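This report refers to the structure that appears directly beneath it.
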């Protein structure tokens, strides 16, 4: 199986599982703050599967770091279960998050620039 067919398979899987939120309790309790920060334009989704800071903010940075650590743990668990590489799974799920982001929130484009969704 080549890289392209793996990505296609994972992309299909990502659309079937819906929004890629993990089952970790720490992630569930963090969701309201993440939503607030996204709505304020402080943080955004990145195609690599992780959150990023749109604007420098110490409190937001702490939340982003904790969320990204949990996402990495969840991606590792899922990748092992599916026999996939962690970085490929994170990328596929990240691209799904970017596509599914609500209008008015920021996403990071492939060139590294932040863009507000329409």
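Throughout, read-outs are computed from the coordinates displayed, never taken from laboratory work. Please read all numbers here as calculations on a predicted model, not as lab measurements. Cβ sites come from the backbone with ideal geometry, for glycine too, and all protein chains shown count toward neighbours.
Looking at 43, 88, which is the one that is over 20 Å from residue 114 (Cα atoms), within 15 Å of the chain's Cα centre (by Cα) and touching a residue at least 60 places away in the same chain (Cβ under 8 Å)? Steps first, answer last, please.
Working: 43 fails: over 20 Å from residue 114 (Cα atoms).
Result of the check over 43, 88: 88.
Across the stretch 79-104, the qualifying residues are those that are surrounded by 19 or more Cβ atoms within 10 Å (Cβ to Cβ) and touching a helix residue (DSSP H, G or I) at 6+ places or on another chain (Cβ under 6 Å), and the one among them that is farthest from residue 38 (Cα to Cα) is 89.
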